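In what follows, a single structure is set out as structure tokens and then discussed.
The values are calculated or read from the model by the stated rules, or taken from the named source; none is laboratory data. Just so it is clear, the structure is predicted and the values come from calculations on it, not from any experiment. As a convention, Cβ positions derive from the backbone with ideal geometry for all residues, glycine included, and neighbour counts pool all protein chains shown.
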Amino acid sequence: MADLSIAVRHAGDVAVLLPAGFINAHTVREFEEALEGLVQEGRYTILLNCKDLNYISSAGLGAIMGLIETVREHQGDILLSNLQTNVFAIFDTLGFTQLYRVFSDEEQALAAVAPEKKG
Amino acid sequence: MSVVANLVPAQFRLVIPSQTRYLNLVTGLAKRASLVAGLDDAAAAKVSIAVDEAVTNVILHAYHGEGEHSVELELRFTEQALEIHILHSGQGLRNDQITLPDPKEYIKHPRKGGLGLLLMSRFMDEVQFKADEASGRNECCLIKKLD
């Protein structure tokens, strides 16, 4: 099994990225390319549905950090949902849960973004 | 890659090439070792992350991404703690060279990098960098106490 596989789907204006497996220094380039690809397509609101993400190291966090300013400059955001306990611990330990909006599931995340887009 | 069993039953070593493709292997080992030592799932996950960060630092920074070197992990099981010693012959770090980023400042000024050491220090009870005088190698020692 590959260390990391990434699926992308679109829910209206929101690009939903589903990384499955492990994001570490070995796989981070693939993750980074997926994120950068969305930004290059002009998709600035990105939801990371982490339901199948077993693990993310600082390499993966750096990839997210590297794009947060860009998407926000374009009135977008990077949202997180479905974090497994250990993945949440990593984000929370570093204070990232204050920087990113975290939702328990994808439905809640999409609902939170929808009114902003209408308003 | 080789696994070397020592005469002392409470410790063993794993030697891997300095390549990131083996990260998943060592983090899996670290997690299993933590469970064997008596840590719970949450603590074991934290140990595995700390080991990932430490080994990644060795591969990318101590060895500058060169894949033909070796990284040795020595796991020691004591009554008080699980110790993971990561030894290498690359460029070494010393405790007095370490400056951990302030997470609050980091969030105000997002940038890539700099978080690995912070994760290691938060998830382990002790993180030490030192030189092994006998072998001339450098070492990162991660200690997780057993409560």
Residue in the stretch A:29-43 that is under 22 Å from A:PHE88 (Cα atoms), outside any helix (DSSP H, G or I) and in contact with a Leu (Cβ under 6 Å, 6 or more places away or on another chain) present: no
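Is one or more of the residues making up the stretch A:103-119 β-branched (Val, Ile, Thr) and modelled with pLDDT under 95? Step through it out loud before you land on a result.
Keep residues of the stretch A:103-119 that are β-branched (Val, Ile, Thr), which gives A:113.
In the following step, the residues that additionally are modelled with pLDDT under 95 were identified as A:113.
Yes, the stretch A:103-119 contains at least one residue that is β-branched (Val, Ile, Thr) and modelled with pLDDT under 95.
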Odd one out for A:THR70 among (1) at the interface with chain B (Cβ under 10 Å from one of its Cβ atoms); (2) modelled with pLDDT under 95: (1)
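Suppose the filter is within 14 Å of chain A (Cβ to nearest Cβ), within 22 Å of A:ASP92 (Cβ to Cβ) and under 14 Å from the mean Cα position of the chain (by Cα); does B:LEU118 pass it? Steps first, answer last, please.
On the way: within 14 Å of chain A (Cβ to nearest Cβ): yes; within 22 Å of A:ASP92 (Cβ to Cβ): yes; under 14 Å from the mean Cα position of the chain (by Cα): yes.
So B:LEU118 passes the test.
Yes/no matrix, rows are residues, columns are (1) closer than 20 Å to A:ALA114 by Cα; (2) surrounded by 19 or more Cβ atoms within 10 Å (Cβ to Cβ); (3) of a type in the set (Phe, Trp, Tyr); (4) touching a Pro at 6+ places or on another chain (Cβ under 6 Å):
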site: A:ALA11; (1), (2), (3), (4): yes, no, no, no
site: A:PRO19; (1), (2), (3), (4): no, yes, no, no
site: A:GLY76; (1), (2), (3), (4): yes, yes, no, no
site: A:LEU79; (1), (2), (3), (4): yes, yes, no, no
site: A:VAL87; (1), (2), (3), (4): no, yes, no, no
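How many residues does the stretch B:48-100 contain that are among the aliphatic types (A, V, I, L, M), in a loop (DSSP other than H, G, I, E, B) and out of contact with any strand residue (DSSP E or B) (no Cβ under 9 Å at 6 or more places or on another chain)? Quick ask: steps written out before the conclusion?
First, the residues of the stretch B:48-100 that are among the aliphatic types (A, V, I, L, M): B:49-51, B:54-55, B:58-60, B:62, B:71, B:73, B:75, B:81-82, B:84, B:86-87, B:93, B:98, B:100.
Still in the list and also in a loop (DSSP other than H, G, I, E, B): B:93, B:98, B:100.
Checking the rest, the ones that are also out of contact with any strand residue (DSSP E or B) (no Cβ under 9 Å at 6 or more places or on another chain) come to B:100.
Total satisfying the criteria: 1.
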Selection from the stretch B:1-42 of residues that are of a type in the set (A, V, I, L, M), modelled with pLDDT under 95 and assigned to a strand (DSSP E or B): B:VAL3, B:VAL4, B:ALA5
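Counting only residues that are surrounded by 20 or more Cβ atoms within 10 Å (Cβ to Cβ) and under 14 Å from A:HIS26 (Cα atoms), which one in the stretch B:55-81 is nearest to the other protein chains (Cβ to nearest Cβ)? Spell out how you get there, then give the answer.
Here is the first cut: in the stretch B:55-81, the residues surrounded by 20 or more Cβ atoms within 10 Å (Cβ to Cβ) are B:55-59, B:62-63, B:71, B:73, B:75.
After this cut, where a residue has to be under 14 Å from A:HIS26 (Cα atoms) as well, the list is B:55-59.
Numbers: B:VAL55: 9, B:THR56: 4, B:ASN57: 9, B:VAL58: 11, B:ILE59: 7 Å.
Only one residue tops the list, namely B:THR56.
Listed here are the residues, each with its yes/no results for (1) of a type in the set (S, T, N, Q); (2) touching a Cys at 6+ places or on another chain (Cβ under 8 Å); (3) under 20 Å from B:ASN24 (Cβ atoms).
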position: A:ILE23; (1), (2), (3): no, no, yes
position: A:GLU32; (1), (2), (3): no, no, yes
position: A:THR45; (1), (2), (3): yes, no, no
position: A:LEU61; (1), (2), (3): no, no, yes
position: A:ARG72; (1), (2), (3): no, no, no
position: A:THR85; (1), (2), (3): yes, no, yes
position: A:PHE103; (1), (2), (3): no, no, no
position: A:GLN108; (1), (2), (3): yes, no, no
